[in-house]
Amino acid sequence: MTTVDHPPPPLRRLEPLWLAASVLAVALTTWLVVIARMDGMDAGPGTDLGGLAWFIGVWVTMMAAMMLPSVAPMVLLFARVSRQRALHRRASVPTWIFVLGYLAVWTAFGLVAYGVYGLVAALEGGFLAWDRAGPYMAGGAVACAGLYQLTPLKSICLRHCRGPLHFMLHGWREGRTGALRMGATHGAFCVGCCWGLMLALFALGVMSVFWMAAVAAVVFVEKVVPAGERVSRLAAVALVALGLLIAVAPGKVPGLTDPRGAPTMHGDEMSEGVHEGRSSGVPGEGVV
C-alpha cells in the first residue's frame with residue numbers, strides 16, 4: 001500500500017479542472033492528428049484499411065479523439081474517488097491506468113473489426129462494388145445500426161455509461177490491476193453501447209473525418225447530455241432513414257463519398273504511413 005503527499009487545499013480544488021483540461025487537450029490533439037492523417041485518403045465506403053500496424057495506430061488515435069470527451073465524466077469521477085481514498089491512507093492509483101484499460105478494449109474491438117472487414121473483402125469477389133450491391137450492403141448496415149439503438153442491450157449499456165456513480169460505488173477494485181480492470185469493464189459497456197454506431201462508421205467510410213465527427217457527436221450527446229436517451233432514439237430513426245436513402249439514392253446523401261471516384265491508397269503505402277501528394281506528385285507530400 002502506498003501513500004501520497006497531498007497538495008494544499010487550494011491546489012487540491014484545482015485538480016479536477018486540470019484533469020478535465022488534460023483530457024480535453026488530449027482529445028483535441030488526437031483530432032488534429034486524425035485530420036492530418038486522413039488528408040487525401042479514401043473517405044468512402046469500402047476503403048482499404050492498409051496494414052494491421054498502420055490501422056491500429058490510426059484506430060487508437062481515432063478512439064481517443066472520438067471517445068475521450070464522452071468518457072471524461074467517468075474519468076473525472078474515478079480520479080475523485082481515488083483521491084478521496086488516498087486521503088484515508090488507501091492506495092493511490094494514477095488515472096491514466098483506468099484510461100489505458102478503457103482504450104485497450106476499443107483496441108481489441110478494432111482488431112476484430114479489421115479481421116472481419118478483411119475477411120469480407122477477401123470473399124466478396126466484387127459483389128460489393130459500388131455499382132453492384134455495395135449501396136444496399138452499406139445502407140443495410142447503417143439501418144441495422146439504427147435498429148440496434150432500440151434494443152434492450154443498448155439501453156442497459158447506455159444507462160451504465162450515463163450513470164458512472166453506481167459503477168464506482170459497486171465496481172471499485174483496488175490497486176493498479178484493479179484500475180485497469182475497471183477501465184476495461186467500462187470500455188466493454190461502451191463497446192456494447194456504441195458498436196452499432198461504429199458499424200455505421202465503417203459502412204459510411206471509416207476514414208471519413210465528416211462521419212467520424214458525426215458519430216462522435218451522437219456518442220457524446222447520448223452519454224453526457226441530459227436528454228441523451230431521447231436523442232439515442234432519434235438517432236435510431238435517423239440512421240434507419242439514412243440507410244434506406246443510401247440503398248436507393250446514395251448520390252443524394254450529403255457527405256457520402258462515392259468510392260468509385262475517391263482517391264485511394266494501397267495497403268503497402270498505408271503500412272509505411274506515406275503517400276504521394278495528390279496534385280504535385282512529389283513523394284513524401286501528405287504524410288499520414
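The values are calculated or read from the model by the stated rules, or taken from the named source; none is laboratory data. Just so you know, these numbers come straight off a predicted model, no measurement behind them. Heads up, the Cβs are rebuilt from the backbone with ideal geometry, glycines too, and the neighbour counts pull from every protein chain shown.
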Candidate set from region 174-191 (those that are crowded, with 17+ Cβ neighbours inside 10 Å and of a type outside the set (A, V, I, L, M, F, W, C)); member that is nearest to residue 78 (Cα to Cα): 183
Tabulated pairs, region 216-228, first in contact (Cβ under 8 Å) with a residue 60 or more places away in the chain, second of a type in the set (Lys, Arg) and in a helix (DSSP H, G or I), C-beta under 6 angstrom, 6+ apart or interchain: 223/162
Neighbours by Cβ (under 6 Å, 6+ apart or cross-chain): first from region 115-144, farther than 14 Å from residue 45 by Cα; second β-branched (Val, Ile, Thr) and not in a loop (DSSP other than H, G, I, E, B): 143/240
Filtered residues of region 29-56 (kept if without any contact (Cβ under 8 Å) to a residue 24 or more places away in the chain and either more than 22 Å from residue 256 (Cα to Cα) or outside any helix (DSSP H, G or I) (or both)): 29
Sole residue being modelled with pLDDT under 90, over 18 Å from the mean Cα position of the chain (by Cα), closer than 29 Å to residue 256 by Cβ and buried (at least 16 other Cβ atoms within 10 Å of the Cβ), chosen from 140, 134: 134
Tabulated pairs, region 157-178, first within 16 Å of residue 91 (Cα to Cα), second surrounded by 14 or more Cβ atoms within 10 Å (Cβ to Cβ) and of a type in the set (D, E, K, R), C-beta under 7 angstrom, 6+ apart or interchain: 173/181
Residue match in region 211-226 (condition: surrounded by fewer than 16 Cβ atoms within 10 Å (Cβ to Cβ), at negative phi and of a type in the set (D, E, K, R)): no
Within region 3-27, considering residues that are within 17 Å of residue 68 (Cβ to Cβ) and in contact with a helix residue (DSSP H, G or I) (Cβ under 8 Å, 6 or more places away or on another chain), the one modelled with the lowest pLDDT: 16
Residue match in region 115-126 (condition: β-branched (Val, Ile, Thr), at pLDDT 95 or above and part of a helix (DSSP H, G or I)): no
Count of region 68-80 residues which are touching a Phe, Trp or Tyr at 6+ places or on another chain (Cβ under 7 Å) and either basic (Lys, Arg) or surrounded by fewer than 23 Cβ atoms within 10 Å (Cβ to Cβ) (or both): 2
Enumerated helices (runs of 4 or more DSSP H) restricted to region 148-262, each holding at least 1 residues that are in contact with a His (Cβ under 6 Å, 6 or more places away or on another chain) and modelled with pLDDT of 95 or more: 175-205
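Answer yes or no: is there a residue in region 89-108 that is of a type in the set (Lys, Arg) and assigned to a helix (DSSP H, G or I).
No, there is no match, as no residue in region 89-108 is of a type in the set (Lys, Arg) and assigned to a helix (DSSP H, G or I).
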